[in-house]
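Structure first, then comments.
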Amino acid sequence: MSINRRRLLLAGVGSAAVVSVGSLAALAVLSPNRTTIDTLAYPAFAAHRLGAGVHPENTLTGARAVMNAFPQSLLEFDVQALKDGTFVIFHDETIDRLDATGAHGRVDGMTVAEWQNLRIKHPHGRATAPATFLSELLTQFPNVPMLIELKAHNHRDSFLETMRNRRDRVILSSFDDTMTDAYTRAGFHALQQV
């Protein structure tokens, strides 16, 4: 039996274990088509913000390290949008907490050139890592299941279009039920966070 879309409740901070627990935690719609997400073993392992506790947060560097150490895991990360709508991997609305170059400001106020120069701090003071574009992560890991939270809600439609051909490999999450409703209506797996 296959599941076309799934809404799960997830509470907690840090590494996320996604567990389907009967009707209390999952809303499922049956489908004859199997997807990569449908075949995940549960509980599924996902390194929060691409291994933020041990690698530069939400970076391609972290994603590579996670996949080398845990090749069966999901890549879990956040997406923001730059001034021109280019999608980047980042959690916060500002770069202040994680920037290693001394820059400050809002992610949605940055240009592509500014993002390319951004370096992300290592949580233990080791080597910094370049800030990551969503396109880089999708290119590097085309078939890896992903758990993604879009932070730039006003870019939802263009984000869904970007992810359209990856419906079988992504779970889109949000704390906002209007977002997860839109995700499921668009045919994506959705995770409602609480």
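Along each principal axis, taking the top coordinate minus the bottom one, the Cα set of region 79-194 gives 42, 28, 27 Å in descending order.
A Cβ-based charge dipole, computed about the Cα centre of region 103-194 with Lys and Arg at +1 and Asp and Glu at -1, lands at about 320 debye. Computed from backbone phi with θ = phi - 60° and the Karplus coefficients 6.51, -1.76 and 1.60, the 3J(HN,Hα) list for region 137-151 is 5, 5, 5, 5, 10, x, 10, 7, x, 10, 10, 10, 10, 7, 8 Hz; x is used for glycine and proline.
Order the peptides 46-54, 98-106, 150-158, 74-82 from the highest to the lowest mean number of other Cβ atoms within 10 Å of their residues. Don't skip to the answer; put the middle values down first.
Numbers: 46-54: 21.6, 98-106: 14.1, 150-158: 16.1, 74-82: 23.7.
Going from most to least packed, we get 74-82, 46-54, 150-158, 98-106.
Under 5 Å between amide hydrogens, built in the peptide plane, is the criterion, and for A52 it picks out N58 among residues at least 5 positions away or on other chains. Placing R0 at 41 angstrom, the Cβ-Cβ distance between T111 and D177 gives a FRET efficiency of 0.80 after rounding to 0.05.
For region 183-194, backbone phi angles converted through the Karplus equation (6.51, -1.76, 1.60; θ = phi - 60°) give residue-by-residue couplings of 4, 5, 4, 7, x, 9, 6, 10, 10, 8, 8, 10 Hz, Gly and Pro being listed as x.
Here the Karplus relation 6.51 cos²θ - 1.76 cosθ + 1.60, evaluated at θ = phi - 60°, turns the backbone of region 56-62 into coupling constants of x, 4, 6, 10, 4, 4, x Hz, with x for every Gly and Pro.
Using 0.36 nm per residue, how much length does the chain from A100 to Q72 gain when fully extended, once their Cα-Cα distance is taken away?
On the way: separation 28, 0.36 × 28 = 10.08 nm, distance 3.08 nm.
Net length gain for the segment: 7.0 nm.
Equivalent ellipsoid of region 135-194: semi-axes from √(5λ) of the C-alpha gyration tensor, largest first, are 18, 12, 11 Å.
Laboratory data are not the source of any read-out in this text; all were calculated from the coordinates shown. Computed from a prediction, not measured in an experiment: that's the story for all the values here. In this analysis, Cβ positions are derived from the backbone assuming ideal geometry, glycine residues included, and neighbour counts consider all displayed protein chains.
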